[in-house]
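Structure first, commentary second.
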Amino acid sequence: MAVLENANTKIKSKNNNKNNIIEEPLIPGLPNEIAELCLLHLPYPCQSLARAVSSSWNRAITNPSFQQCKKTLSRPYLFLFSFHKLTRKFYCHLLDHRTRSSTAAARWFTLPLPPSPITFYGKLLTIAGTMRFVTLIFGTAMSQWSSALAGTFFAEEGENGKIVAVHGGASLGAKIYDAESDTWRNGAIVEVENEVASFEAVENEGKVFVTEGWRWPFTVIPRGWVYDTRSDTWQGMGIGMREGWSGVAVAVAGRIFRIPEYGDGDVKVYEERSDTWRMVRGRFPREKVKRPLKAKGLDGKMYVAGCGLNVAIGSVVSLCGEGGKRQRQEEGRNDSVCIELKWEVVEAPGGFRELEACHCQVLYA
């Protein structure tokens with residue numbers, strides 16, 4: 001079965017003053033179903049270059065269904081946005097960490113520079129500006145940015161094929177962007193006593209968690225709210241979640257993890273039932289990946305970028321159930337922790353030493 005629709009192009013030629021339609025195969029000698037799979041396995045950015053090979057390749061690669069197939073047939077890439085403090089310039093890089101081996105370093109690519117983006121079906125979407133925001137979309141198939149819509153947002157998160165944008169001020173509100181219909185709709189609004197100037201947001205299983213975070217001199221417990229995208233309602237965040245949210249939060253495997261930026265604090269995971277943060281096993285490689293930290297999660301892995309663009313990739317390992325209990329007993333563990341993180345570090349080239357990560361995203365490209 002073909003994974004793409006209308007992958008063939010039709011060439012019209014004149015023969016004896018008549019138009020004959022000839023189907024041009026994607027790869028001569030191969031069924032189009034197999035040829036399509038070959039194109040899907042091309043690494044980034046080869047796909048954008050492959051569009052120039054033939055009109056049939058261009059049509060196949062730019063087909064919307066091609067992007068949707070990448071989640072199962074492609075591999076994730078890390079998009080990193082960084083800032084150089086001395087030159088005050090921003091940079092955008094892409095990391096292909098799967099190419100790293102004992103004999104070869106990971107591959108890095110330089111990309112056109114956008115502001116803070118989020119992902120949607122093989123695209124990066126960004127909301128830029130401070131007053132009247134412009135929405136830009138980066139298509140990986142063509143490796144270029146294009147303008148889309150406008151809004152007034154301060155934080156944004158991707159959720160279930162939609163873009164959930166949260167705006168602050170005298171009230172907290174949400175707007176939801178559906179890229180398929182190219183439309184925005186207004187979400188619910190919650191009034192707040194004091195203006196919300198800045199906050200952090202992370203999405204997990206249909207909910208967007210928003211908190212102001214701790215501020216010096218740490219005498220006032222930070223406020224927090226939760227927006228449910230399915231019921232379009234706001235509710236208060238549990239006090240345990242607000243108090244323990246110190247550091248960088250990232251959603252992975254249906255859970256929210258917290259990575260502290262200072263000291264040797266443990267990585268913790270939030271448990272909603274008890275409204276507490278619990279320690280997880282697996283020490284974060286802080287000696288290699290230094291603050292400021294930016295993190296994003298995808299498919300059971302968390303990607304944490306730090307100063308100099310060194311990247312720590314943490315895989316979530318569940319030690320719950322009887323099997324996990326036996327393993328903890330065999331290893332001499334007498335605690336109840338049932339989640340472990342296994343870390344690997346991808347070091348950036350020496351030329352990135354002065355760069356600080358200011359945003360990161362993971363998507364299939």
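The values are calculated or read from the model by the stated rules, or taken from the named source; none is laboratory data. From a predicted model like this one, the values you see are computed outputs, not experimental measurements. When we count neighbours, we look across all protein chains shown, and the Cβ atoms used for this are built from the backbone with ideal geometry, even at glycine. The protein model used for the area step is the full one, side chains on, heavy atoms only, and it has no ligands, DNA or RNA in it. Shrake-Rupley method; radii C 1.70, N 1.55, O 1.52, S 1.80 Å.
Within segment 197-263, report the chymotrypsin sites (Phe, Trp or Tyr not before Pro) that DSSP leaves as loop and that have at most 13 other Cβ atoms within 10 Å.
On the way: sites: 199, 209, 214, 218, 225, 227, 234, 245, 257, 262; in loops: 199, 214, 218, 245, 262.
Sites meeting the loop and neighbour criteria: 218, 262.
How many angstrom lie between the Cα centre of segment 52-67 and the Cα centre of segment 193-212?
What the calculation gives is 39 Å, centre to centre.
Give the relative contact order (percent, whole number) for segment 27-74; include only Cα pairs under 8 Å separated by 6+ residues. All intermediate terms of the calculation are to be shown ahead of the outcome.
Numbers: 23 pairs, mean separation 18.4, N = 48.
The value is 38 percent.
For segment 179-220, which GluC sites (Glu not before Pro) are in a loop by DSSP, counting at most 11 other Cβ atoms within 10 Å?
Answer in residue order: 180.
Rounded to the nearest 0.05, what FRET efficiency is calculated for residue 287 and residue 50 with R0 set to 45 Å and r the Cβ-Cβ distance? It would help to have the intermediate numbers written out before the result.
Numbers: r = 41 Å, r/R0 = 0.90.
That pair, residue 287 with residue 50, gives E of 0.65.
In whole Å, largest first, what are the principal axis extents of the Cα atoms in segment 27-74?
In descending order, the Cα extents are 27, 21, 18 Å.
Got a sec? What order do 27, 313 fall in by accessible area at 1.4 Å, biggest, i.e. largest, first?
So, going from the largest accessible area down, we get 27, 313.
With a cut-off of at most 16 other beta carbons within 10 Å, and DSSP calling the residue loop, which trypsin sites (Lys or Arg not before Pro) in segment 206-299 qualify? Please list them.
215, 230, 273, 283, 288, 290
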